[in-house]
Amino acid sequence: MRNLLFLIICCFFVLTNALFAQWDVSYWHRNAMGAKSEIPWVTRIDPKSFGTIDVRYNYDWNRSGGVYFGKAFKIKDTGWTFVPEVGTIIGEYDGFGPELLLIGSHGKWSHFSQWQWVSSFNTNKNPDWGYIWIEELRKTPIPHTEIGIGAQTFYLRGDSRPQTDLGIATRFTFGKLYIKIWPTWGIQKNKRKPTNYIGIGYAW
């Protein structure tokens, strides 16, 4: 029943946004110390239209789908866009909450960050949590290549401190097609475990 509801919500938002451009469809593989998961992701962000959509599976929580929608605002005369969204997660974890995306460029650098908080529908089963992902990439003399740094931090309500990962991110772009590789490592002494991401996407 939950998977059916998630599918209906996804279809609704995809169909109501299908006439507009600026889509990003990607597929990611995440390996956290042997715990592997596949992450399909569909995003449409366009400040010129009425709304945004962000649909992903296995990203927010294992075996759970997330649907977020909001509005993109482009800061005039700059290369920056901020996107406040609100959404729900359905599956092994059930919850809802806001998130904020910040996308921009400054010189040869490009920036992306995601700021998220999720409140559980059942705190006896799963606690509330927060997540921050920040990435800075810089164009290099190597054709089609950007290299930079990425960081993510995850806080589970009740934990004494968040789990923070840091790593070098590399992005290869060939027209509308891109490939990104991001190996990370936990910075806390007791949580120094690698989590590796590799993804391929198509943006238009």
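Here is the figure for the stretch 41-51: residues that are closer than 23 Å to GLN152 by Cβ and either exposed (fewer than 15 other Cβ atoms within 10 Å of the Cβ) or of a type in the set (A, V, I, L, M, F, W, C) (or both) total 3. Give me the pairs: first residue in the stretch 149-177 and within 12 Å of THR195 (Cβ to Cβ), second residue among the hydrophobic types (A, V, I, L, M, F, W, C) and not in a strand (DSSP E or B), beta-carbon distance under 8 Å, and six or more apart or on different chains, which are they? Every condition considered, the pairs that remain are THR164/ILE187; ASP165/ILE187; LEU166/ILE187. Checking TRP133, TRP129, TRP185 one by one, the residue that is more than 26 Å from GLY95 (Cα to Cα), free of Cβ contacts under 8 Å to residues at least 60 places away in the same chain and of a type in the set (Phe, Trp, Tyr) is TRP185 and no other.
Applying the criterion of at least 2 residues that are within 22 Å of TRP61 (Cβ to Cβ), over 15 Å from the mean Cα position of the chain (by Cα) and hydroxyl-bearing (Ser, Thr, Tyr) to the strands (runs of 3 or more DSSP E) found wholly in the stretch 95-204 leaves 109-120. For the stretch 119-150, the set of residues classified as surrounded by 13 or more Cβ atoms within 10 Å (Cβ to Cβ) and more than 25 Å from TRP80 (Cα to Cα) consists of SER119, SER120, PHE121, ASN126, PRO127, ASP128, TRP129, listed by residue number. Any residue at all in the stretch 68-88 that's under 24 Å from THR153 (Cβ atoms), touching a His at 6+ places or on another chain (Cβ under 6 Å) and assigned to a strand (DSSP E or B)? No, every residue in the stretch 68-88 fails to be under 24 Å from THR153 (Cβ atoms), touching a His at 6+ places or on another chain (Cβ under 6 Å) and assigned to a strand (DSSP E or B). Here the condition is being at pLDDT below 95 and more than 26 Å from GLY167 (Cβ to Cβ); of GLY107, GLY79, GLY51, GLY95, it holds for GLY51 alone.
Return yes or no: is VAL25 outside any loop (DSSP other than H, G, I, E, B) and touching a Cys at 6+ places or on another chain (Cβ under 6 Å)? Answer is no for this residue.
Residues considered: GLY91, GLY107, GLY158. Of these, the only one that is surrounded by 13 or more Cβ atoms within 10 Å (Cβ to Cβ) and small (Gly, Ala, Ser) is GLY91. Using the structure shown, decide if PRO40 is of a type outside the set (Gly, Ala, Ser), within 19 Å of VAL118 (Cβ to Cβ) and at pLDDT 95 or above. Against the criterion (of a type outside the set (Gly, Ala, Ser), within 19 Å of VAL118 (Cβ to Cβ) and at pLDDT 95 or above), PRO40 does not qualify.
Screening the candidates GLY201, GLY175 for the property of being farther than 23 Å from ALA32 by Cα and either surrounded by 13 or more Cβ atoms within 10 Å (Cβ to Cβ) or modelled with pLDDT of 95 or more (or both) yields one hit, GLY175. Within the stretch 114-172, the set of residues being closer than 23 Å to LEU101 by Cα and of a type in the set (Asp, Glu) comprises ASP128, GLU135, GLU136, GLU146, ASP165.
The values are calculated or read from the model by the stated rules, or taken from the named source; none is laboratory data. None of the values given here were measured: they were computed from a predicted structure. In this analysis, Cβ positions are derived from the backbone assuming ideal geometry, glycine residues included, and neighbour counts consider all displayed protein chains.
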